[in-house]
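Participant: One structure follows; several queries about it will come next.
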Amino acid sequence: MLSPAGRVPHLVRRPGLSRPDRLRRRHVTAQAPARRVLIVEDDWLIASLCAVELERAGLAVTGPFPAVAPALDAIDAGLVDVALLDVHLGPEDSFAVVDRLDTLGIPLAFLTGYDASDLPQRYAARPLITKPVRMGHLLEVVRDLLDPGDNS
């Protein structure tokens, strides 16, 4: 399309962004909303490292939360597609969160230093990400939980 002066209009350049950055930003805004991963972990460093890695992978992070109450609030607000839960959160455990997620059909994995044999029997078959966390394994488990039928 020609401008009123008869010239082909050029792209408006955004200050500070190179052409690939402009294209990348346009591409990101056209994508579907990011899937949301709830992190319930009372160790700030572990929670932060996991959150950064998940965000780098294009996922949105809900939390991290160090306790049950704010995690339940996030679940009730509909901000969760999948969850990663530490078993022990200071003086409480995360089993109330597990039960709420189960009621809603939201998949989860435990993010813990414990063995599956240390968990109550009804939770022992859940996916387990052991500490220290290997980030590649964390991403693999989250992808499997989000898309259980996708083997790519």
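Just so it is clear, none of the values below were taken in a lab; they were calculated from the coordinates. Predicted model, so just to flag it, every value in this text is computed and none were measured. As a convention, Cβ positions derive from the backbone with ideal geometry for all residues, glycine included, and neighbour counts pool all protein chains shown.
Participant: Given the C-alpha centroids of the range 103-129 and the range 31-58, what is the distance between them in whole angstrom?
Facilitator: 18
Participant: Taking the simple approach of a point 7 Å from Cα along Cα-to-Cβ for both E140 and L45, what is their distance in nm?
Facilitator: 2.5
Participant: Using the basic label-point model (7 angstrom from Cα toward the beta carbon), what is the T130 to D150 distance in nanometres?
Facilitator: Between T130 and D150, the simple spin-label model gives 2.8 nm.
Participant: Indicate, rounded to the nearest 5 percent, the antiparallel portion of the DSSP beta bridges found entirely in the range 32-152. Write out the running numbers ahead of the final one.
Facilitator: Details: 2 of 16 bridges.
The antiparallel proportion sits near 10 percent.
Participant: Sticking with this one: Order these peptides, 125-131, 94-100, 71-77, by their mean beta-carbon neighbour count within 10 angstrom, highest first.
Facilitator: Details: 125-131: 14.9, 94-100: 18.9, 71-77: 16.4.
Put in order of decreasing packing, that is 94-100, 71-77, 125-131.
Participant: If the chain between A69 and R122 were fully stretched, how many nm would it gain, using 0.36 nm times the residue separation less the Cα-Cα distance?
Facilitator: On the way: separation 53, 0.36 × 53 = 19.08 nm, distance 2.20 nm.
16.9 nm is the gain from fully extending A69 to R122.
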